[in-house]
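Q: My structure is below; once you've seen it, I'll send some questions.
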Amino acid sequence: MKVLLGTTNTSKVDRFSHLLTGYDIEFLTLNDIGNPKEPEEKGETPEENARIKALFYGSFAESVICSDSGLYFKELDMADPRQPGLKIRTPMGRKRLKDEEMIEYYSSLINSLGGKVTAYYVDGIAVCHKGKVTSFMNIDSAQETGSFFMIDKPSSNRFLGWPLDSLSINIETGKYFVDVKRNDSKENIIKDKYKVYMLEYLKEALEL
């Protein structure tokens, strides 16, 4: 079964390949279909943006997975303009930041907040399969099982495409995300119940 991922980010390919290990799936990316233009993401949540992308890229393949993420700091009010939210790479109206620019920006922001914050990602995932678009987002589970620390002192290591892993610390182990294997469930923010929920959604949406 061929599944198009609405991304050019190889780290996202690794993520979904790991999540769907054991299923006969060949993942394609936008690079494989000639990099079509991207739809305008006007959604107010990660789930809404993922649905916009899935509907758009659904015209290029029978089965498509798209995702979008928002990053949130518990120490900031949701209405605080410093809250990253959906603008992880374009915070506070800035131009799109490159990986090292992101590390520099968030190191400075976290420093201004005392040097450490409690963070969590909210993932929105959408599937277009045989013309039908469905989606998944679970904020409560993301907060409950996916919280981690971010600090103002980055690791010297990097994961291509996931720059903020160099600032992110597992609450249980005290290790940087970037200092262990990306798909180690003990360090990965997608884990435990949240991972189970996501897998069950994908299996149903893709008719696996």
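The values are calculated or read from the model by the stated rules, or taken from the named source; none is laboratory data. This one's a predicted model, so the numbers in the text were calculated from it and none came from an experiment. Quick reminder, even Gly has a Cβ in these numbers, built from the backbone with ideal geometry, and neighbours come from all protein chains shown. Accessible surface is based on the protein model in full, side chains and every heavy atom, while ligands, DNA and RNA are left aside. Shrake-Rupley method; radii C 1.70, N 1.55, O 1.52, S 1.80 Å.
Q: For segment 10-26: of the residues being more than 17 Å from TYR201 (Cα to Cα) and open to solvent by less than 40 Å² (accessible area, probe 1.4 Å), which is modelled with the highest pLDDT?
A: Taking the candidates together, the pick is VAL13.
Q: On the basis of being farther than 30 Å from VAL196 by Cβ, touching a helix residue (DSSP H, G or I) at 6+ places or on another chain (Cβ under 6 Å) and of a type in the set (D, E, K, R), does ASP80 make the cut? Show your work before the answer.
A: On the way: farther than 30 Å from VAL196 by Cβ: yes; touching a helix residue (DSSP H, G or I) at 6+ places or on another chain (Cβ under 6 Å): no; of a type in the set (D, E, K, R): yes.
The answer is no for ASP80.
Q: Right, another one. Does LYS132 satisfy being touching an Asp or Glu at 6+ places or on another chain (Cβ under 9 Å) and more than 22 Å from THR8 (Cβ to Cβ)? Walk me through it before giving the result.
A: Numbers: touching an Asp or Glu at 6+ places or on another chain (Cβ under 9 Å): no; more than 22 Å from THR8 (Cβ to Cβ): yes.
In short, no.
Q: Could you list all residues from segment 71-91 that are touching a Leu at 6+ places or on another chain (Cβ under 9 Å) and hydrophobic (A, V, I, L, M, F, W, C)?
A: LEU71, PHE73, LEU76, LEU86, ILE88 - these are the residues of segment 71-91 that are touching a Leu at 6+ places or on another chain (Cβ under 9 Å) and hydrophobic (A, V, I, L, M, F, W, C).
Q: Can you confirm whether ASN111 is in contact (Cβ under 8 Å) with a residue 12 or more places away in the chain, in a loop (DSSP other than H, G, I, E, B) and open to solvent by 40 Å² or more (accessible area, probe 1.4 Å)? Walk me through how you get there before you give the answer.
A: Values: in contact (Cβ under 8 Å) with a residue 12 or more places away in the chain: yes; in a loop (DSSP other than H, G, I, E, B): no; open to solvent by 40 Å² or more (accessible area, probe 1.4 Å): yes.
No: the conditions fail for ASN111.
Q: Additional query: Filter segment 139-166 for residues that are assigned to a loop (DSSP other than H, G, I, E, B), open to solvent by less than 40 Å² (accessible area, probe 1.4 Å) and either modelled with pLDDT of 95 or more or touching a helix residue (DSSP H, G or I) at 6+ places or on another chain (Cβ under 6 Å) (or both) and give the result. Spell out the reasoning first.
A: In the first step, residues of segment 139-166 are kept if they are assigned to a loop (DSSP other than H, G, I, E, B); the result is 147, 152-162.
Add one more test, that the residue is open to solvent by less than 40 Å² (accessible area, probe 1.4 Å), and what stays is 147, 152, 155, 161.
If the condition is that a residue be assigned to a loop (DSSP other than H, G, I, E, B), open to solvent by less than 40 Å² (accessible area, probe 1.4 Å) and either modelled with pLDDT of 95 or more or touching a helix residue (DSSP H, G or I) at 6+ places or on another chain (Cβ under 6 Å) (or both), then ASP152, SER155, GLY161 are the ones that fit.
Q: Filter segment 27-36 for residues that are open to solvent by 30 Å² or more (accessible area, probe 1.4 Å) and not in a strand (DSSP E or B) and give the result.
A: Filtering segment 27-36 for residues open to solvent by 30 Å² or more (accessible area, probe 1.4 Å) gives 27-28, 31-35.
Within segment 27-36, ASN31, ASP32, ILE33, GLY34, ASN35 qualify.
Q: Of all the residues that make up segment 44-63, how many are buried (at least 16 other Cβ atoms within 10 Å of the Cβ) and part of a loop (DSSP other than H, G, I, E, B)? Quick ask: steps written out before the conclusion?
A: Step one: of segment 44-63, the residues buried (at least 16 other Cβ atoms within 10 Å of the Cβ) are 45-58, 60-61, 63.
Applying the additional criterion that residues be part of a loop (DSSP other than H, G, I, E, B) yields 45, 58, 60-61.
Residues in segment 44-63 being buried (at least 16 other Cβ atoms within 10 Å of the Cβ) and part of a loop (DSSP other than H, G, I, E, B): 4 in total.
Q: What number of residues in segment 70-103 are over 19 Å from GLY146 (Cβ atoms) and outside any loop (DSSP other than H, G, I, E, B)? Even if it seems obvious, please write down each step before you answer.
A: As a first pass, look at segment 70-103 and keep what is over 19 Å from GLY146 (Cβ atoms): 77, 79-82, 87, 89-103.
Subsequent filtering for residues that are outside any loop (DSSP other than H, G, I, E, B) retains 91-93, 99-103.
So the answer is 8.
Q: Since ASN188 meets every condition but one in (1) in contact with a Phe, Trp or Tyr (Cβ under 9 Å, 6 or more places away or on another chain); (2) open to solvent by 70 Å² or more (accessible area, probe 1.4 Å); (3) modelled with pLDDT under 90, which condition does it not meet?
A: Only one criterion in (1) in contact with a Phe, Trp or Tyr (Cβ under 9 Å, 6 or more places away or on another chain); (2) open to solvent by 70 Å² or more (accessible area, probe 1.4 Å); (3) modelled with pLDDT under 90 is unmet by ASN188, namely (2).
Q: Still on this structure: Being open to solvent by less than 20 Å² (accessible area, probe 1.4 Å) and at pLDDT below 95 is the filter here, so list the residues in segment 192-208 that pass it.
A: Correct list: TYR194, MET198.
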